[in-house]
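So the structure is just underneath, and the comments pick up after that.
The values are calculated or read from the model by the stated rules, or taken from the named source; none is laboratory data. All of these numbers come straight from a predicted model, not from anything done at the bench. Positions of Cβ are backbone-derived with ideal geometry, glycine not excepted, and every protein chain shown enters the neighbour counts. When the accessible area is computed, the model is the full protein with side chains, heavy atoms only, and any ligands, DNA or RNA have been set aside. Shrake-Rupley method; radii C 1.70, N 1.55, O 1.52, S 1.80 Å.
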Amino acid sequence: MKKYITKFGLLFLTILFLAGCTDSFEEINTDPDRAKDAPATNVLAFVLTNWPDNLNDVWADMNEPSTYGGHLAKIQYIDEARYLFRPGIVEAKWYDVYLTLNNVNEIMAKAETDDNQNLLAVAKILRVFIFQTATDTWRDIPYTDALKMKEGTLLPKYDKQEDIYPALLSELKEAADIFADNSRGSLGEGDILFEGDTEKWQKFANSLRLRLAMRISSVDQNLASSTVSEILGDPGRYPVMEGNSDNAFFWWPGSDPYEEPWYTDYKGRDDHAVSDVLVNVLIELDDPRLPVYAVPAESDGAYRGFTIGAAAQPNLTTVSRIGARFRLDPAGFTPYMRYAEVMFHVAEAALKGFNTGGITAEAAYNEAVEASLAENGVAASDIATYLAGNGRFDGTLEQVYLQEWIALFKQGMEAWSLYRRTGIPETHYVAPASVYPGHNSPPFRYPYPQNELTLNGANSKPFDDEVVDAFWGKKMWWDTRSGVN
(Lines give C-alpha, C1' and ligand atoms only; values in the text may rest on other atoms or scores of the structure.)
Protein backbone atom coordinates (compact mmCIF):
# COMPACT_ATOMS: atom_id res chain seq x y z
CA MET A 1 0.00 0.00 0.00
CA LYS A 2 2.70 2.45 0.96
CA LYS A 3 4.79 1.75 -2.15
CA TYR A 4 1.72 2.06 -4.39
CA ILE A 5 0.73 5.44 -2.97
CA THR A 6 4.29 6.74 -3.19
CA LYS A 7 4.64 5.77 -6.84
CA PHE A 8 1.25 7.22 -7.63
CA GLY A 9 2.19 10.45 -5.87
CA LEU A 10 5.35 10.87 -7.94
CA LEU A 11 3.50 10.15 -11.18
CA PHE A 12 0.75 12.53 -10.18
CA LEU A 13 3.20 15.38 -9.52
CA THR A 14 4.90 14.78 -12.86
CA ILE A 15 1.58 14.96 -14.70
CA LEU A 16 0.71 18.19 -12.95
CA PHE A 17 3.92 19.90 -13.90
CA LEU A 18 3.70 18.74 -17.50
CA ALA A 19 0.10 19.87 -17.75
CA GLY A 20 0.93 23.30 -16.31
CA CYS A 21 -2.65 24.00 -15.24
CA THR A 22 -5.37 22.85 -12.85
CA ASP A 23 -8.33 22.76 -15.26
CA SER A 24 -8.52 18.95 -15.14
CA PHE A 25 -7.44 18.53 -11.54
CA GLU A 26 -10.28 16.26 -10.39
CA GLU A 27 -10.00 14.07 -13.48
CA ILE A 28 -6.21 13.75 -13.16
CA ASN A 29 -6.47 13.12 -9.42
CA THR A 30 -8.92 10.24 -9.79
CA ASP A 31 -7.44 6.77 -9.86
CA PRO A 32 -10.03 4.37 -11.34
CA ASP A 33 -8.51 1.47 -9.38
CA ARG A 34 -8.65 3.20 -6.00
CA ALA A 35 -11.56 3.52 -3.57
CA LYS A 36 -12.93 7.03 -4.05
CA ASP A 37 -14.14 7.80 -0.55
CA ALA A 38 -12.40 5.82 2.17
CA PRO A 39 -13.82 6.34 5.66
CA ALA A 40 -11.76 8.76 7.74
CA THR A 41 -10.93 6.09 10.29
CA ASN A 42 -9.43 3.92 7.52
CA VAL A 43 -7.25 6.82 6.40
CA LEU A 44 -6.20 7.29 10.03
CA ALA A 45 -5.11 3.65 10.18
CA PHE A 46 -3.02 4.13 7.03
CA VAL A 47 -1.29 7.23 8.44
CA LEU A 48 -0.56 5.53 11.75
CA THR A 49 0.90 2.52 9.94
CA ASN A 50 2.82 4.46 7.30
CA TRP A 51 4.46 7.10 9.48
CA PRO A 52 6.35 4.74 11.85
CA ASP A 53 8.31 3.57 8.81
CA ASN A 54 9.52 7.15 8.34
CA LEU A 55 10.48 7.34 12.01
CA ASN A 56 12.23 4.02 12.35
CA ASP A 57 13.09 2.23 9.12
CA VAL A 58 16.65 1.65 7.97
CA TRP A 59 16.71 4.47 5.41
CA ALA A 60 14.82 7.11 7.37
CA ASP A 61 16.38 6.50 10.78
CA MET A 62 18.97 3.79 11.34
CA ASN A 63 21.43 4.89 8.64
CA GLU A 64 21.19 8.63 9.26
CA PRO A 65 19.42 10.23 12.29
CA SER A 66 20.42 7.46 14.70
CA THR A 67 24.06 7.73 13.57
CA TYR A 68 24.03 11.54 13.37
CA GLY A 69 22.55 11.56 16.88
CA GLY A 70 25.22 9.22 18.22
CA HIS A 71 23.22 6.11 19.09
CA LEU A 72 24.05 3.68 16.28
CA ALA A 73 27.05 2.89 14.11
CA LYS A 74 27.06 1.16 10.75
CA ILE A 75 29.33 -1.87 10.61
CA GLN A 76 28.80 -2.80 6.95
CA TYR A 77 28.09 -0.52 3.98
CA ILE A 78 29.15 2.39 6.15
CA ASP A 79 28.67 5.10 3.49
CA GLU A 80 25.65 6.83 5.06
CA ALA A 81 27.41 7.22 8.40
CA ARG A 82 30.25 8.89 6.47
CA TYR A 83 27.66 11.36 5.07
CA LEU A 84 27.64 9.92 1.55
CA PHE A 85 23.91 10.11 0.89
CA ARG A 86 21.76 8.41 -1.74
CA PRO A 87 19.63 10.99 -3.60
CA GLY A 88 16.78 8.53 -4.07
CA ILE A 89 16.46 8.03 -0.32
CA VAL A 90 16.25 11.79 0.26
CA GLU A 91 13.56 12.01 -2.44
CA ALA A 92 11.59 9.17 -0.88
CA LYS A 93 11.68 10.68 2.60
CA TRP A 94 10.57 14.10 1.32
CA TYR A 95 7.66 12.69 -0.68
CA ASP A 96 6.64 10.37 2.14
CA VAL A 97 6.29 13.43 4.38
CA TYR A 98 3.98 15.25 2.03
CA LEU A 99 2.05 12.22 0.86
CA THR A 100 1.33 11.32 4.49
CA LEU A 101 0.35 14.92 5.22
CA ASN A 102 -2.04 14.79 2.29
CA ASN A 103 -3.78 11.85 3.95
CA VAL A 104 -3.88 13.77 7.24
CA ASN A 105 -5.54 16.68 5.46
CA GLU A 106 -8.12 14.26 4.12
CA ILE A 107 -8.88 13.14 7.68
CA MET A 108 -9.26 16.78 8.74
CA ALA A 109 -11.68 17.53 5.91
CA LYS A 110 -13.84 14.51 6.69
CA ALA A 111 -13.79 15.26 10.42
CA GLU A 112 -14.96 18.83 9.80
CA THR A 113 -17.74 17.63 7.50
CA ASP A 114 -18.92 15.13 10.12
CA ASP A 115 -18.36 17.53 13.04
CA ASN A 116 -16.13 14.90 14.62
CA GLN A 117 -14.10 17.16 16.87
CA ASN A 118 -12.01 14.41 18.44
CA LEU A 119 -10.91 13.13 15.05
CA LEU A 120 -10.17 16.70 13.96
CA ALA A 121 -7.94 17.19 17.01
CA VAL A 122 -6.11 13.91 16.32
CA ALA A 123 -5.49 14.96 12.73
CA LYS A 124 -4.08 18.30 13.91
CA ILE A 125 -1.70 16.47 16.28
CA LEU A 126 -0.48 14.19 13.51
CA ARG A 127 -0.06 17.12 11.13
CA VAL A 128 2.15 18.90 13.68
CA PHE A 129 4.07 15.74 14.50
CA ILE A 130 4.92 15.13 10.84
CA PHE A 131 5.74 18.76 10.07
CA GLN A 132 7.98 18.90 13.16
CA THR A 133 9.94 15.90 11.91
CA ALA A 134 10.20 17.47 8.45
CA THR A 135 11.42 20.90 9.57
CA ASP A 136 13.91 19.31 11.97
CA THR A 137 15.19 17.31 8.99
CA TRP A 138 15.48 20.06 6.36
CA ARG A 139 14.93 23.28 8.38
CA ASP A 140 13.06 25.60 5.94
CA ILE A 141 10.33 23.76 4.02
CA PRO A 142 6.95 24.34 2.34
CA TYR A 143 4.42 24.75 5.15
CA THR A 144 1.88 27.54 4.56
CA ASP A 145 1.51 26.74 0.84
CA ALA A 146 2.03 22.99 1.15
CA LEU A 147 -0.58 20.64 -0.31
CA LYS A 148 -2.72 23.36 -1.88
CA MET A 149 -2.78 21.99 -5.40
CA LYS A 150 -6.59 22.11 -5.52
CA GLU A 151 -6.34 25.84 -4.89
CA GLY A 152 -3.90 26.14 -7.78
CA THR A 153 -0.62 26.21 -5.83
CA LEU A 154 1.65 23.84 -7.73
CA LEU A 155 4.93 25.40 -6.61
CA PRO A 156 4.67 26.05 -2.86
CA LYS A 157 6.77 28.74 -1.28
CA TYR A 158 9.13 27.87 1.56
CA ASP A 159 8.63 28.97 5.15
CA LYS A 160 11.46 29.63 7.56
CA GLN A 161 11.71 27.38 10.59
CA GLU A 162 11.44 30.53 12.73
CA ASP A 163 7.87 30.88 11.44
CA ILE A 164 7.00 27.20 11.33
CA TYR A 165 7.60 26.41 15.00
CA PRO A 166 5.24 29.09 16.41
CA ALA A 167 2.59 28.00 13.90
CA LEU A 168 2.97 24.35 14.97
CA LEU A 169 2.57 25.34 18.62
CA SER A 170 -0.59 27.25 17.67
CA GLU A 171 -1.98 24.20 15.86
CA LEU A 172 -1.27 21.99 18.87
CA LYS A 173 -3.04 24.46 21.16
CA GLU A 174 -6.05 24.26 18.87
CA ALA A 175 -6.06 20.49 19.26
CA ALA A 176 -5.62 20.74 23.04
CA ASP A 177 -8.51 23.20 23.30
CA ILE A 178 -10.77 20.94 21.24
CA PHE A 179 -10.20 18.12 23.72
CA ALA A 180 -10.78 20.51 26.62
CA ASP A 181 -13.90 22.26 25.27
CA ASN A 182 -15.49 20.36 22.37
CA SER A 183 -14.57 16.71 22.81
CA ARG A 184 -17.02 14.62 20.82
CA GLY A 185 -16.92 11.96 18.15
CA SER A 186 -15.43 8.49 17.78
CA LEU A 187 -12.02 7.78 16.31
CA GLY A 188 -13.18 4.39 15.06
CA GLU A 189 -11.17 1.23 14.65
CA GLY A 190 -8.50 3.10 12.71
CA ASP A 191 -6.93 4.45 15.90
CA ILE A 192 -4.29 1.78 16.19
CA LEU A 193 -2.06 3.98 18.36
CA PHE A 194 -4.31 4.58 21.40
CA GLU A 195 -7.32 2.37 20.52
CA GLY A 196 -9.79 5.25 20.62
CA ASP A 197 -8.65 6.60 23.99
CA THR A 198 -9.06 10.37 23.48
CA GLU A 199 -7.58 11.13 26.90
CA LYS A 200 -4.26 9.63 25.77
CA TRP A 201 -4.41 11.70 22.59
CA GLN A 202 -5.04 14.76 24.74
CA LYS A 203 -1.97 13.98 26.85
CA PHE A 204 0.08 13.38 23.72
CA ALA A 205 -0.96 16.77 22.34
CA ASN A 206 0.16 18.66 25.44
CA SER A 207 3.31 16.59 25.83
CA LEU A 208 4.23 17.40 22.25
CA ARG A 209 3.64 21.07 23.02
CA LEU A 210 6.25 20.78 25.78
CA ARG A 211 8.73 19.20 23.34
CA LEU A 212 8.38 22.03 20.84
CA ALA A 213 8.40 24.72 23.52
CA MET A 214 11.63 23.49 25.10
CA ARG A 215 13.26 23.02 21.72
CA ILE A 216 12.93 26.75 21.05
CA SER A 217 13.55 27.82 24.65
CA SER A 218 16.93 29.37 23.85
CA VAL A 219 15.72 31.31 20.79
CA ASP A 220 12.18 32.34 21.80
CA GLN A 221 12.09 32.23 25.58
CA ASN A 222 8.82 34.16 25.85
CA LEU A 223 6.85 31.71 23.70
CA ALA A 224 8.52 28.73 25.33
CA SER A 225 7.94 29.88 28.91
CA SER A 226 4.34 30.98 28.30
CA THR A 227 3.56 27.61 26.69
CA VAL A 228 5.11 25.67 29.57
CA SER A 229 3.30 27.84 32.12
CA GLU A 230 -0.05 27.39 30.41
CA ILE A 231 0.28 23.60 30.29
CA LEU A 232 1.84 22.84 33.66
CA GLY A 233 -0.13 25.58 35.42
CA ASP A 234 -3.46 24.01 34.41
CA PRO A 235 -3.09 20.21 34.38
CA GLY A 236 -6.86 19.76 34.49
CA ARG A 237 -7.30 21.47 31.14
CA TYR A 238 -3.94 20.55 29.62
CA PRO A 239 -2.88 17.14 31.00
CA VAL A 240 0.44 15.63 29.92
CA MET A 241 1.63 12.02 30.02
CA GLU A 242 1.55 10.77 33.62
CA GLY A 243 3.38 7.45 33.36
CA ASN A 244 4.76 4.86 30.98
CA SER A 245 1.23 3.64 30.34
CA ASP A 246 0.72 6.88 28.40
CA ASN A 247 3.73 6.33 26.12
CA ALA A 248 2.88 6.98 22.47
CA PHE A 249 4.26 3.69 21.14
CA PHE A 250 3.09 2.21 17.86
CA TRP A 251 3.07 -1.56 18.30
CA TRP A 252 3.47 -3.49 15.08
CA PRO A 253 1.19 -6.47 14.32
CA GLY A 254 4.26 -8.65 13.81
CA SER A 255 3.37 -10.41 10.56
CA ASP A 256 4.81 -9.62 7.15
CA PRO A 257 4.54 -6.91 5.79
CA TYR A 258 3.64 -5.25 9.11
CA GLU A 259 6.75 -6.11 11.09
CA GLU A 260 8.74 -3.68 13.22
CA PRO A 261 11.26 -1.92 10.91
CA TRP A 262 14.44 -2.59 12.91
CA TYR A 263 13.50 -6.27 13.04
CA THR A 264 12.77 -6.31 9.32
CA ASP A 265 16.20 -4.86 8.61
CA TYR A 266 17.96 -7.37 10.86
CA LYS A 267 16.03 -10.26 9.32
CA GLY A 268 17.69 -9.56 5.99
CA ARG A 269 20.92 -7.73 6.90
CA ASP A 270 23.34 -7.05 9.73
CA ASP A 271 24.57 -3.50 9.14
CA HIS A 272 24.20 -1.81 12.53
CA ALA A 273 25.76 -1.91 15.97
CA VAL A 274 25.44 0.30 19.02
CA SER A 275 27.86 3.22 18.82
CA ASP A 276 30.95 3.59 20.94
CA VAL A 277 29.57 6.95 22.11
CA LEU A 278 26.50 5.36 23.70
CA VAL A 279 28.20 2.22 25.01
CA ASN A 280 31.01 4.23 26.62
CA VAL A 281 28.56 6.60 28.35
CA LEU A 282 26.57 3.66 29.73
CA ILE A 283 29.73 1.90 30.93
CA GLU A 284 31.01 5.04 32.62
CA LEU A 285 27.72 5.46 34.48
CA ASP A 286 27.43 1.73 35.24
CA ASP A 287 23.99 2.19 33.74
CA PRO A 288 21.61 -0.78 34.05
CA ARG A 289 20.17 -0.06 30.59
CA LEU A 290 23.41 -1.23 28.93
CA PRO A 291 22.43 -4.93 28.64
CA VAL A 292 19.01 -3.89 27.33
CA TYR A 293 20.33 -1.52 24.66
CA ALA A 294 23.27 -3.69 23.59
CA VAL A 295 24.37 -7.30 23.24
CA PRO A 296 27.86 -8.37 24.39
CA ALA A 297 30.39 -8.95 21.62
CA GLU A 298 30.59 -12.56 20.52
CA SER A 299 34.37 -12.62 20.64
CA ASP A 300 34.86 -11.98 24.35
CA GLY A 301 31.52 -11.10 25.97
CA ALA A 302 32.48 -7.46 26.47
CA TYR A 303 30.25 -4.52 25.67
CA ARG A 304 32.00 -2.68 22.87
CA GLY A 305 30.46 -0.05 20.63
CA PHE A 306 31.78 0.75 17.18
CA THR A 307 33.05 3.97 15.62
CA ILE A 308 30.40 6.03 13.81
CA GLY A 309 31.50 6.48 10.20
CA ALA A 310 34.69 4.45 10.48
CA ALA A 311 37.10 4.00 7.60
CA ALA A 312 36.64 0.24 7.56
CA GLN A 313 34.24 -2.31 8.95
CA PRO A 314 35.15 -4.18 12.14
CA ASN A 315 35.49 -7.85 12.77
CA LEU A 316 31.76 -8.34 13.27
CA THR A 317 32.25 -10.62 16.27
CA THR A 318 33.98 -7.87 18.27
CA VAL A 319 31.19 -5.25 18.48
CA SER A 320 27.90 -5.03 20.36
CA ARG A 321 24.73 -5.36 18.32
CA ILE A 322 21.42 -3.74 19.23
CA GLY A 323 19.55 -5.32 22.16
CA ALA A 324 16.70 -7.77 21.62
CA ARG A 325 14.00 -5.45 23.00
CA PHE A 326 14.66 -2.98 20.20
CA ARG A 327 15.71 -5.24 17.34
CA LEU A 328 14.50 -8.82 17.53
CA ASP A 329 10.73 -8.58 18.00
CA PRO A 330 8.62 -8.50 14.82
CA ALA A 331 5.76 -7.21 16.98
CA GLY A 332 7.98 -4.57 18.57
CA PHE A 333 7.35 -0.85 18.87
CA THR A 334 8.13 2.43 17.18
CA PRO A 335 8.20 5.24 19.76
CA TYR A 336 6.42 8.49 18.90
CA MET A 337 7.04 9.96 22.35
CA ARG A 338 7.87 8.74 25.85
CA TYR A 339 6.75 9.82 29.31
CA ALA A 340 10.43 10.01 30.31
CA GLU A 341 11.02 12.64 27.62
CA VAL A 342 8.14 14.72 28.99
CA MET A 343 9.63 14.80 32.47
CA PHE A 344 13.07 15.70 31.15
CA HIS A 345 11.42 18.71 29.49
CA VAL A 346 9.86 19.64 32.84
CA ALA A 347 13.25 19.32 34.56
CA GLU A 348 14.89 21.54 31.95
CA ALA A 349 12.09 24.09 32.23
CA ALA A 350 12.46 24.22 36.01
CA LEU A 351 16.23 24.72 35.76
CA LYS A 352 15.60 27.57 33.33
CA GLY A 353 13.25 29.25 35.79
CA PHE A 354 9.98 28.60 33.95
CA ASN A 355 6.71 28.10 35.82
CA THR A 356 6.37 24.34 36.15
CA GLY A 357 3.38 24.27 38.46
CA GLY A 358 5.47 23.60 41.55
CA ILE A 359 7.38 20.63 40.12
CA THR A 360 11.05 20.96 41.01
CA ALA A 361 13.86 20.16 38.63
CA GLU A 362 15.11 17.36 40.88
CA ALA A 363 11.69 15.74 41.21
CA ALA A 364 11.12 15.87 37.45
CA TYR A 365 14.60 14.54 36.72
CA ASN A 366 14.21 11.62 39.15
CA GLU A 367 10.81 10.79 37.68
CA ALA A 368 12.22 10.90 34.14
CA VAL A 369 15.18 8.62 34.89
CA GLU A 370 13.01 6.22 36.85
CA ALA A 371 10.50 6.07 33.99
CA SER A 372 13.23 5.29 31.45
CA LEU A 373 14.76 2.59 33.63
CA ALA A 374 11.38 1.04 34.40
CA GLU A 375 10.41 1.10 30.71
CA ASN A 376 13.53 -0.96 30.03
CA GLY A 377 12.72 -3.54 32.69
CA VAL A 378 15.17 -2.42 35.40
CA ALA A 379 14.15 -3.60 38.88
CA ALA A 380 12.98 -1.06 41.43
CA SER A 381 15.93 -1.78 43.74
CA ASP A 382 18.40 -1.15 40.90
CA ILE A 383 16.60 2.06 39.99
CA ALA A 384 16.98 3.29 43.57
CA THR A 385 20.67 2.37 43.58
CA TYR A 386 21.28 4.21 40.31
CA LEU A 387 19.47 7.38 41.43
CA ALA A 388 21.47 7.37 44.65
CA GLY A 389 24.75 6.76 42.83
CA ASN A 390 25.95 7.58 39.34
CA GLY A 391 22.56 8.86 38.26
CA ARG A 392 22.09 11.14 41.26
CA PHE A 393 20.78 14.61 40.34
CA ASP A 394 23.54 17.22 40.27
CA GLY A 395 21.46 20.25 39.34
CA THR A 396 22.95 20.84 35.89
CA LEU A 397 21.34 21.09 32.48
CA GLU A 398 24.18 18.97 31.09
CA GLN A 399 23.11 16.01 33.22
CA VAL A 400 19.46 16.44 32.24
CA TYR A 401 20.40 16.52 28.57
CA LEU A 402 22.69 13.49 28.82
CA GLN A 403 20.08 11.39 30.58
CA GLU A 404 17.44 12.49 28.09
CA TRP A 405 19.75 11.50 25.23
CA ILE A 406 20.18 8.05 26.77
CA ALA A 407 16.43 7.65 27.25
CA LEU A 408 15.69 8.56 23.61
CA PHE A 409 17.16 5.31 22.25
CA LYS A 410 15.27 4.28 19.11
CA GLN A 411 14.18 7.89 18.56
CA GLY A 412 17.00 8.83 16.24
CA MET A 413 15.50 12.11 15.05
CA GLU A 414 14.95 13.33 18.62
CA ALA A 415 18.43 12.26 19.74
CA TRP A 416 19.94 14.07 16.76
CA SER A 417 17.88 17.18 17.50
CA LEU A 418 18.87 17.13 21.16
CA TYR A 419 22.54 16.92 20.19
CA ARG A 420 22.21 19.76 17.66
CA ARG A 421 20.49 21.93 20.26
CA THR A 422 22.75 21.21 23.24
CA GLY A 423 26.03 19.65 22.07
CA ILE A 424 25.34 16.75 24.43
CA PRO A 425 26.88 14.20 24.61
CA GLU A 426 30.17 16.06 24.47
CA THR A 427 31.93 12.86 23.36
CA HIS A 428 30.09 12.78 20.03
CA TYR A 429 32.25 13.44 16.98
CA VAL A 430 32.50 13.84 13.21
CA ALA A 431 32.79 10.58 11.27
CA PRO A 432 36.51 9.81 10.87
CA ALA A 433 35.93 8.80 7.25
CA SER A 434 33.64 11.75 6.42
CA VAL A 435 33.44 12.46 2.70
CA TYR A 436 33.23 16.17 3.56
CA PRO A 437 36.42 17.15 5.43
CA GLY A 438 36.69 20.45 7.25
CA HIS A 439 33.63 20.20 9.51
CA ASN A 440 33.79 19.90 13.29
CA SER A 441 30.20 18.76 13.91
CA PRO A 442 28.03 15.92 12.67
CA PRO A 443 25.44 17.07 10.10
CA PHE A 444 23.14 20.02 10.77
CA ARG A 445 20.44 18.86 8.35
CA TYR A 446 19.48 16.73 5.33
CA PRO A 447 20.10 17.88 1.74
CA TYR A 448 17.06 19.00 -0.24
CA PRO A 449 15.85 16.45 -2.81
CA GLN A 450 17.03 17.07 -6.35
CA ASN A 451 13.52 16.93 -7.82
CA GLU A 452 12.47 19.75 -5.51
CA LEU A 453 15.40 21.86 -6.70
CA THR A 454 14.51 21.11 -10.32
CA LEU A 455 10.72 21.40 -10.26
CA ASN A 456 10.36 24.08 -7.56
CA GLY A 457 13.69 25.79 -8.05
CA ALA A 458 12.46 29.38 -7.84
CA ASN A 459 11.20 28.78 -4.29
CA SER A 460 13.84 26.33 -3.08
CA LYS A 461 17.00 27.89 -4.52
CA PRO A 462 17.42 30.73 -1.97
CA PHE A 463 17.29 28.18 0.82
CA ASP A 464 19.46 25.61 -0.93
CA ASP A 465 22.08 28.32 -1.52
CA GLU A 466 22.56 28.44 2.27
CA VAL A 467 23.48 24.74 2.39
CA VAL A 468 27.17 23.77 2.56
CA ASP A 469 28.37 20.29 1.57
CA ALA A 470 24.80 18.96 1.56
CA PHE A 471 24.62 18.65 5.36
CA TRP A 472 25.95 21.90 6.82
CA GLY A 473 25.72 25.66 6.35
CA LYS A 474 22.67 27.23 7.98
CA LYS A 475 21.99 25.63 11.37
CA MET A 476 18.54 24.86 12.71
CA TRP A 477 16.89 27.95 14.19
CA TRP A 478 17.03 26.41 17.65
CA ASP A 479 20.67 25.30 17.31
CA THR A 480 22.55 27.90 19.36
CA ARG A 481 25.89 26.13 19.52
CA SER A 482 28.80 28.40 18.74
CA GLY A 483 31.92 27.56 16.77
CA VAL A 484 30.45 24.63 14.86
CA ASN A 485 30.64 24.25 11.12
Work out how much length ASP181 to THR396 would gain on full extension: take 0.36 nm times their residue separation and subtract the Cα-Cα distance, in nm to one decimal. 73.6 nm
Per residue, how much space in cubic angstrom lies within the convex hull of the C-alpha atoms of the stretch 277-326? 76
The stretch 181-247 and the stretch 275-320: distance between their alpha carbon centers, rounded to Å: 35
To the nearest µm²/s, what D does Stokes-Einstein give for the chain at 20 °C and 1.002 mPa s, using the Kirkwood radius over alpha carbon pairs as Rh? 93
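Between ALA458 and TYR77, what is the FRET efficiency for a Förster distance of 30 Å, r being their Cβ-Cβ separation, to the nearest 0.05? The partial results should precede the final answer.
Details: r = 37 Å, r/R0 = 1.22.
Efficiency, rounded to the nearest 0.05: 0.25.
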Helix by helix, which DSSP H runs in the chain go 18 Å or more along their axis at the Cα atoms and have an average Kyte-Doolittle hydropathy of 0.5 or more? 2-19, 117-138, 339-351
Please give the residues of the stretch 344-361, grouped as numeric ranges, whose backbone N is less than 16 Å from a label point set 7 Å along the Cα-to-Cβ vector of SER218. 345, 348-353
With labels modelled as points extended 7 Å from the Cα through the Cβ direction, what inter-label distance (nm, one decimal) is found for TRP251 paired with GLU284? 3.7
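What does DSSP give for the chain in terms of the percent of beta bridges that are antiparallel, rounded to the nearest 5?
90
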Give me the one-decimal nm value for the distance between modelled label points at SER381 and VAL468, 7 Å along each residue's Cα-to-Cβ direction. 5.5
Given H placed 1.01 Å from N in the peptide plane, which residues other than close sequence neighbours of VAL468 have an amide H under 5 Å from its amide H? GLY473, LYS474
Apply 1/(1 + (r/R0)^6) to the Cβ-Cβ distance of LYS157 and ASP270, taking R0 = 60 Å, and write down the FRET efficiency to the nearest 0.05. 0.85
Gain in span if fully extended, ASP300 to ASN102, counting 0.36 nm per residue against the direct Cα distance: 66.2 nm
Chain lengthening between SER226 and SER482 when straightened (0.36 nm per residue, less Cα-Cα): 89.5 nm
Probe 1.4 Å, all protein chains in place: accessible area of LEU147 in Å², nearest 10? 50
At a 1.4 Å probe radius, carbon and sulfur cover how many percent of the accessible area of the chain? 50
In the neighborhood of VAL295, defined by Cβ-to-Cβ distances under 9 Å, what is the net charge if each Lys or Arg adds +1 and each Asp or Glu adds -1? +1
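First select every other residue whose beta carbon is under 9 angstrom from the beta carbon of TYR401; then total the charges, Lys and Arg +1, Asp and Glu -1.
-2
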Which order do you get for ARG420, ARG321 if you rank them by accessible area with a 1.4 Å probe, largest at the top? ARG321, ARG420
